[in-house]
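Read the structure below first, then the notes.
The values are calculated or read from the model by the stated rules, or taken from the named source; none is laboratory data. Because the structure is a prediction, the values reported are computed rather than measured. Cβ coordinates were reconstructed from backbone atoms using ideal geometry, including for glycine residues, and neighbour counts include every protein chain displayed. Ligands, DNA and RNA are stripped out before the accessible areas are found, and what is left, the full protein with its side chains, is counted by its heavy atoms. Shrake-Rupley method; radii C 1.70, N 1.55, O 1.52, S 1.80 Å.
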Amino acid sequence: MNQRHVTLRQFRYFVAVAESGSVAAASRMLAIAQSALTKSLGELEDELGSALFVRSSKGMTLTPQGHRFLASARKVIGAVADAVRLHAEQASGALSGTLAIGVTSLVAGYYLSELLSRFRRVAPGVQVLVTEETPPFLEHLLINGEVDVAIMVSSALGEPQALVVEVLTRSANRVWLPANHALAEQEEIALADCALHDQVVLEADRIDELMARVWARHQLKPRALLRTSSLEAVRSLVGAGAGIAVLPDFLYRPWTLDAEHVEARRLRDEVPTVDVGLVWRRGSGLKPAAQEFIDLAREQSKTRRS
């Protein structure tokens, strides 16, 4: 690969298409012509020497190489933003002190690692303490002031009146199923059809509670084959054909640890999104380090949507 020909703009264009799932949607979001976007992606793939997308009438789907490159592209875009931010911080005075961050086990792997790395580059003088807990206890720590800010599923808080929530992303629920499943022939699947098949239920971060309300509202009672707190167990069982699952899109990955493929289909019924957001105690004065962390999280969320 001749790296001299890979530009930051190409990285941004690639991320936009990967996040939106189509060239048309990305071109509207970026306000550029579809032809220019398509040309940029083709040139990027030529430089990398591998296909990043599978193109079909349904849109653009990342290849395994595309999934790996997406993580790298996000880091590149974040590093550029961090360099600008760090210069500004050094000019105005470096941050110091401590920052206590709370996170749930499910969200940690998807939102914390990149954000924490960026914060440490921008604020190397701040000592960061990370606490992983269940949502109820994490809310307790926030209210008591033992945690400055948390990243968690924010659409199912137990004490919403005591907390401030800023949504980072809203994730639609989709049906996960093996590639050879009868329902995989449909582009959209009704909840009633899902309820006829065994469910693999993820009991983590109150996601199972949110989905239980959906089933109840539609007066459906699907059979739970297994209830587990392990996302990999859910993915493996679905990939092996043991059952299906209805889960938020931010958790979706197309391959199991055993290299079984997992398909995802849209729901025909209207189902509330699963929101992941920043949460902190209402009325608390945010320390500078916490405000910086929140600003970085906002910026990262905006980058992923643009």
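The set of residues in region 244-255 being open to solvent by less than 10 Å² (accessible area, probe 1.4 Å) and part of a loop (DSSP other than H, G, I, E, B) is empty.
One residue stands out in region 139-163 among those that are more than 23 Å from ASP249 (Cβ to Cβ) and open to solvent by less than 40 Å² (accessible area, probe 1.4 Å): the one that is nearest to the chain's Cα centre (by Cα), namely VAL149. Within this structure, SER50 passes the test of being open to solvent by 30 Å² or more (accessible area, probe 1.4 Å) and either in a helix (DSSP H, G or I) or under 23 Å from ALA259 (Cβ atoms) (or both). Looking only at region 31-52, decide whether some residue is closer than 25 Å to TYR110 by Cα and either in contact with a strand residue (DSSP E or B) (Cβ under 9 Å, 6 or more places away or on another chain) or modelled with pLDDT of 90 or more (or both). The answer is yes, given that some residue of region 31-52 is closer than 25 Å to TYR110 by Cα and either in contact with a strand residue (DSSP E or B) (Cβ under 9 Å, 6 or more places away or on another chain) or modelled with pLDDT of 90 or more (or both).
For ASP295, the criteria (1) free of Cβ contacts under 8 Å to residues at least 40 places away in the same chain; (2) surrounded by 15 or more Cβ atoms within 10 Å (Cβ to Cβ) hold in every case but one, which is (2). Filtering region 256-286 to residues that are among the basic types (Lys, Arg) and either open to solvent by less than 70 Å² (accessible area, probe 1.4 Å) or within 30 Å of GLN219 (Cβ to Cβ) (or both) leaves ARG265, ARG266, ARG268. Taking the conditions exactly as written (without any contact (Cβ under 8 Å) to a residue 60 or more places away in the chain and either buried (at least 20 other Cβ atoms within 10 Å of the Cβ) or more than 23 Å from LEU115 (Cβ to Cβ) (or both)), does TRP215 satisfy them or not? Criteria met by TRP215. Which one is modelled with the highest pLDDT among residues in region 187-196 that are open to solvent by 60 Å² or more (accessible area, probe 1.4 Å) and outside any strand (DSSP E or B)? Only one residue fits best here, namely LEU196.
Residue count for region 246-276, restricted to those that are of a type in the set (Ser, Thr, Tyr) and either under 15 Å from ARG235 (Cα atoms) or at pLDDT below 90 (or both): 2. Do we find that ARG170 is touching a residue at least 40 places away in the same chain (Cβ under 8 Å), out of contact with any Cys (no Cβ under 6 Å at 6 or more places or on another chain), among the charged types (D, E, K, R) and surrounded by fewer than 20 Cβ atoms within 10 Å (Cβ to Cβ) in this structure? Answer is yes for this residue.
Only one of the listed residues (ALA290, ALA242) is more than 24 Å from LEU157 (Cα to Cα) and modelled with pLDDT of 90 or more. That residue is ALA242.
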